[in-house]
Amino acid sequence: MVATCTKTRSSVYFRERWQQSGVQGIRDLYRYEPFPNSDHFTARCGIAPGNNGSAGKRKNTLIKKGNSYLRVAIVGAAWVTVRMKDSYWHALFDKSSKRMKAQKAIVAVARRLLKVVYNTLETLTIYKEKGIAHFVYLQAKAALYHNTKLSCSQTTID
């Protein structure tokens, strides 16, 4: 009797499912229907943010219908990337999960992951993980931008 680890079996299962549905689905979508930008690509895959609101209140929405096999594969890939310590994706998930539930945060990570997939297909480059330092740099850059924008809007010209 051969003892197998469940982690190995699940990772092999995930790899097989990703190869069957995810990569082939992305190739088919990209090959036959060129998209003007990554937002159109994520919308076609069914991982686009909803716009259901009225009177300043945001209402609950489900993610759009799209390629269900690709959606399952990309959300599974997002869960895998989030579990890597000291990575950009882990930091992004931590920041997002402070503001929302884990399921919503993982869909946000999956959408960002699809944008990276689109850009690597568009530019024909190899993806390199930039790590948590890149995430901290982007956050500091955004904070600096918002602080200068805020200080400029508060000043008045006499």
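The values are calculated or read from the model by the stated rules, or taken from the named source; none is laboratory data. Keep in mind that what you see is a predicted model, and the values were worked out from it rather than measured. So basically every Cβ, Gly included, is an ideal-geometry build from the backbone, and we count neighbours across all protein chains shown. Quick note on the areas: whole protein, heavy atoms, side chains included, nothing else; ligands and nucleic acids left out. Shrake-Rupley method; radii C 1.70, N 1.55, O 1.52, S 1.80 Å.
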Net charge near GLU129 (other residues with Cβ under 13 Å of its Cβ; Lys, Arg +1; Asp, Glu -1) is +2
Normalised Cα Rg of the range 35-126, dividing by 2.2 N^0.38 Å with N its residue count, works out at 1.12
Report the local net charge at LEU138: Lys and Arg +1, Asp and Glu -1, summed over other residues whose C-beta lies under 13 Å from its C-beta.
+4
Could you please state, rounded to a whole Å, how far the C-alpha centre of the range 121-140 is from the C-alpha centre of the range 75-105?
15 Å
Rounded to the nearest 10 Å², the accessible area of ARG44 at probe 1.4 Å:
110 Å²
Do any of LYS59/LYS130; LYS95/LYS115; LYS65/LYS104; LYS65/LYS85 go past 24 Å between their Cα atoms, and which?
LYS59/LYS130; LYS65/LYS85
Here the FRET efficiency for ASN119 versus ASN60, based on Cβ atoms and R0 = 30 Å and rounded to 0.05, is 0.50
